[in-house]
Amino acid sequence: MQLMIPDFSCAKILVVGDLMLDRYWHGPTSRISPEAPVPVVKIEESEERAGGAGNVAYNIAALNGTPSLVGLTGQDESAKILKNRLSHQGVNCHFVELAGCTTITKLRVLSRHQQLIRLDFEDGFLFDNGEHSESGEHLLQAYQSQLDAHDLIVFSDYQKGTLRDLPRLISLAKEQGKTVIIDPKGNDFSIYRGASMLTPNLSEFEAIVGYCENDEQLIEKAEQLCQTLQLDALLITRSEKGMTLIQADKQAVHLPTRARDVYDVTGGGDTVIATLAVSIAVGMNMVDATKLANLAASVVLGKVGTATVTVHELRTAMRQLSDIEQGIITEDRLIALVSDAKNHGEKVIMTNGCFDILHAGHVTYLEQAKSLGDRLIVAVNDDDSVKRIKGPERPVNTMNRRMQVLAGLSCVDWVVPFYEDTPTRLICNLSPSVLVKGGDNKVDNIPGGDCVKEQGGEVLVMESVDNCSTTGLIRSIRSADESVENKKEEE
């Protein structure tokens, strides 16, 4: 059964962890510096994004969840930028701002979608000398004030000092029956004891349990770690090998990687944990939640920099992986397919015609129609209606042959016949998002157009390709045949 994407809007997630501001400077490179063997980047564009725990919260908001965010910052411009951006993105920010501290900022310089260098500005919030010792209590107060109102807690640990009292924070959440998911770091996982789920990557996992020679050894060590730390589950992200989910007393689940092109791994783990959080918060089991998280990772790894994935992108990626029925379809079946496509947020385009002899004009027109949305329906006149419209010598090709040729075009998803002189009834039953016609048609006179507009759709007219028509082709063929016959008679 195909995995369904639920409504995440009721997922209330509290994210606690290390906050960072990610800056990106973009520009072309055309020469090497005379001062050192390094490229010279001419900065033409800059952008700022939330990193660390902020990116987790932003990912939750992008999936229509309701995130709140608690963490430490300085009292500086970076903190203001971070709070302003996250608030506008739908994140409820509850920052503990510390005077004399620097908000963690990472500057990346990129050229041609490649990262050339990263510059870090940070003092950290570890405070070994006792300075700002009250920050822990302030963070605890902010955390406790938000705990009751949220279904699930995510701890995003980058070892910058925000979560130095993590065992206490976990204990308070578990006392209230909250699910706790943690993105871990470092060589001491004992501080995560009692969490519902940890999401280490393979390197982080092997730093704790040692090198794993094969899948069997990985599963064995993961099960031991779950037992030792009293975890409900452990999700290990394994780069090109995908993900492995281990749950107590259940068989391990391996999921292959879905990423086709990896441009940047920045923030990939944040997307995984955010997708897990909203999925589990709305009642999905851990296996299905992990499948969605794996799919989300495949989308976000194809983007540059800390990035997010939306519900629409998830649905699109899911349907690209599934075997969707295409080609020549009956009307009843097509109604169901169109309804399913719309439920997945897809835009359905429809056009119609005789398409007697398919030519370059038809192909260009259909490609342009497909570019308007996600799915293209082509409705085809039956042979009798073509005769009534075009004359007794048409069609040249039967309806079945015409539909077979159209179904072979990559831009066409569904081909359906109709038997009336106009496709008005069919169009009203299918209710496409957009109805398109070419040539000199007028929008107000297109059959089925009123029905589409009444149901909230659009009706568009596109330009035809010059000097391309079936009638013209038939005339040229007949003219050529006559020339050949005349030549034979002369001989």
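Tabulated values for the structure
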{"quantity": "Subset of Lys250/Lys347; Lys174/Lys250; Lys174/Lys221; Lys42/Lys80; Lys12/Lys342 violating a 29 Å alpha-carbon distance limit", "calculated": "Lys250/Lys347"}
{"quantity": "Mean ellipticity per residue at 222 nm, deg cm²/dmol - from DSSP H runs of n ≥ 4 across the chain, formula -39500 (n - 2.57)", "calculated": "-11500 deg cm²/dmol"}
{"quantity": "Gained length - Cys10 relative to Glu216, 0.36 nm times residue gap less alpha-carbon distance", "calculated": "70.3 nm"}
{"quantity": "Taking Ile377, Ile32 and counting other C-beta atoms within 10 Å, the order from fewest to most", "calculated": "Ile32, Ile377"}
{"quantity": "Segment Thr29-Leu119, extension gain: residue separation times 0.36 nm, minus the distance between their alpha carbons", "calculated": "30.5 nm"}
{"quantity": "Eligible aspartates and glutamates near Lys442 by straight Cα distance, threshold 12 Å, same-chain separation 8 or greater", "calculated": "Glu463"}
{"quantity": "Degrees, to the nearest 10: 166-175 long Cα axis against longest axis of the chain", "calculated": "70"}
{"quantity": "Overall Cα dimensions of the stretch 8-321 - principal axes, largest extent first, Å", "calculated": "62, 48, 39"}
{"quantity": "Angle between the chain longest axis and helix 135-147 axis [Cα atoms, degrees, rounded to 10]", "calculated": "50"}
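Here, each number is a calculation from the coordinates, and none is a lab measurement. The model shown is predicted, which means the values in this text are computed figures rather than measured ones. Methodologically, a virtual Cβ is constructed for each residue, glycine included, from the backbone with ideal geometry; neighbour enumeration extends over all protein chains shown.
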